[in-house]
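Bear in mind these aren't lab numbers, they're just calculated from the coordinates by the rules spelled out. All figures in this text were calculated on a predicted structure; none of them were measured in a lab. Neighbour counts are summed over all protein chains in view; Cβ atoms, including those assigned to glycine, are modelled from backbone coordinates with ideal geometry.
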Amino acid sequence: MLDDTDRRILRQMQADPTASVAVIAERAGLSHAPCWRRISKMERDGVIKGRRVLIDQRKLGWEVQVFLRITLDKTARNAFDAFITEARKIPEVTAMQTLLGRVDIRMDVAARDLAHYQQIYRDRIMALPHILDVESLMLVAELKNSEAVPV
């Protein structure tokens, strides 16, 4: 179980992932050693899974982001497994989730431009096994994107 002190530490780490333990400790109202021990414990326990560098894909020339909603032919044996195995091989697929409901898979695809997306869609996505239906949603503007957990 996390207590209020752990939550203060997590809030500080989410607010500034590059902050040193000393800075996090000061902002969370702790001394360095207890803060470091708590962070280490949360890492061991899997509460803190890692730290990431977030890259603005548009600044690297990846201008198009498309969200696909895919319905699979579930009458085919092992449709999910076969689809997921092959979809994971496409480097432009940046995220993939399985869903309950009418849609089976939600997939994010990054492309340099529309022509590149069309090539990925035609040559890679539509070649994936067991697709029954695909709905494409192109990102126009990102209004909020936070991986922060409300602790």
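Based on C-alpha pairs under 8 angstrom that are at least 6 apart in sequence, region 1-133 has a relative contact order of 23 percent. With the simple model of a label 7 Å out from the Cα in the direction of the Cβ, ASP4 to ARG102 spans 4.7 nm. Of all lysines in the structure, those lying under 17 Å Cα to Cα from LYS49, and not within fewer than 8 positions of it along the same chain, are LYS41. Between THR85 and GLU135, the FRET efficiency estimated from the beta carbon spacing at R0 = 30 angstrom works out to 0.85.
Given [x] 1.11; [y] 0.96; [z] 1.05, which label gives Rg/Rh (Cα atoms, Kirkwood Rh) as computed from the coordinates? Given [x] 1.11; [y] 0.96; [z] 1.05, the structure-derived one carries the label [x]. With contacts taken as Cα pairs under 8 Å at a separation of at least 6 residues, region 4-44 carries a relative contact order of 36 percent.
Within the straight-line cut-off of under 20 Å between alpha carbons, the aspartates and glutamates reachable from LYS74 are GLU86, ASP104, ASP133, GLU135, sequence neighbours fewer than 8 places apart in one chain being disregarded. Near VAL64, once Lys and Arg are set to +1 and Asp and Glu to -1 for all other residues with Cβ below 12 Å from its Cβ, the sum equals -2.
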